[in-house]
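Structure, as structure tokens:
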Amino acid sequence: MTTTKIVHGHPFVAYRHEEYPADEMVARSKSFYEWLDQRRSVRDFSDRPVPLEVIHHLLQAASTAPSGAHKQPWTFVVVSDPAIKKQIREEAEKEEYESYHGRMSEEWIEDLKPLQTDWSKPFLETAPYLIVVFKKAYNLLPNGATRNNYYVNESIGIACGFLLAAIHHAGLVALTHTPSPMNFLSKILDRPKNERPYLLIPVGYGAAETYVPKLKRKELDEIVVHR
Ligand code: IYR
């Protein structure tokens, strides 16, 4: 088999993925699930430093996600400057205060009780890094022309999933934080008009004493239907 070929003028490379005997596949899929099941959203961070090289590897892993027409419609802003983290915390807490004091429905507030969240977001300053994920609604060329992106929400959601798995794999913890509204992030981080804030992900080590809500994940028969 040749390693490359040209299809209607476009280069293709031979692709081989790893295969496993069925019993090994069963064992691998089980242990992967059990490992992923250990991941939790964490709100108590340590301020211990994390090598920037690790963050770069995590973002490279995220950017391997499939995306519409392979446009990779994402920008990851890595915030480590304490002054910027403080500014983000102040703005986020302002919005969250409003949300918890009238913007969110009673049902929503009730649904959040088991998580015991509130408007206060100290982790935005404690975590060594805030990864602010921006989705590129479209591309802006240097000459001001625009180019389309496709399935942007699907693409960036998958990339964030890969990112969370990579963070867990590195032995770090994260939170998928969604201050709402979060347009203040575009301003503070000076992002162009084709980029919209999507998710704010503090990353670091968990605090020495970290507690998370005792949650139960749905059983297989609650999430799967066979036909
Ligand atoms: N964005 C708010 C509220 C919040 C909403 C949901 I849905 C959560 O699962 C958790 C929190 C906050 O960050 O507190």
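Structure notes:
- Any pair with Cβ under 8 angstrom, 6 or more apart, that starts in the range 91-116 at a residue that is farther than 15 Å from Ser180 by Cα and ends at one that is more than 8 Å from the ligand (Cβ to nearest atom): Pro114/Pro213; Pro114/Leu215; Leu115/Pro213; Gln116/Pro213
- Criterion: within 15 Å of the ligand (Cβ to nearest atom) and either closer than 28 Å to Arg217 by Cβ or of a type outside the set (A, V, I, L, M, F, W, C) (or both) - qualifying residue of Lys86, Lys121: Lys121
- Filter result for Thr126 (at pLDDT 95 or above and either surrounded by 12 or more Cβ atoms within 10 Å (Cβ to Cβ) or in contact with a Gly (Cβ under 6 Å, 6 or more places away or on another chain) (or both)): yes
- For the range 29-62, a tally of residues being of a type in the set (Gly, Ala, Ser), open to solvent by 60 Å² or more (accessible area, probe 1.4 Å) and part of a loop (DSSP other than H, G, I, E, B) returns 0.
- Which listed residue, of Val212, Val133, is β-branched (Val, Ile, Thr) and part of a strand (DSSP E or B): Val133
- Residue that is surrounded by the most Cβ atoms within 10 Å (Cβ to Cβ), among those in the range 93-118 that are near the ligand (Cβ under 8 Å from one of its atoms) and part of a helix (DSSP H, G or I): Glu96
Yes or no, residue by residue, for (1) away from the ligand (no atom under 16 Å from the Cβ); (2) farther than 18 Å from Thr75 by Cβ; (3) touching a strand residue (DSSP E or B) at 6+ places or on another chain (Cβ under 7 Å); (4) at pLDDT 95 or above:
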residue	(1), (2), (3), (4)
Gly157	no, no, no, yes
Phe162	yes, no, no, yes
His169	yes, yes, no, yes
Leu172	yes, yes, yes, yes
Phe184	no, no, no, yes
Lys187	yes, no, no, yes
Arg191	yes, no, yes, yes
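- Output for the range 63-87, where each listed residue is among the hydrophobic types (A, V, I, L, M, F, W, C), closer than 30 Å to Tyr150 by Cβ and assigned to a helix (DSSP H, G or I): Ala69
The values are calculated or read from the model by the stated rules, or taken from the named source; none is laboratory data. Bear in mind the structure is a predicted one, so any value in this text is a computation, not a measurement. Glycine also receives a Cβ, built like all others from the backbone with ideal geometry; neighbour counts cover every protein chain displayed. For the accessible areas, the whole protein counts, side chains as well, though only heavy atoms, and no ligand, DNA or RNA atoms are used. Shrake-Rupley method; radii C 1.70, N 1.55, O 1.52, S 1.80 Å.
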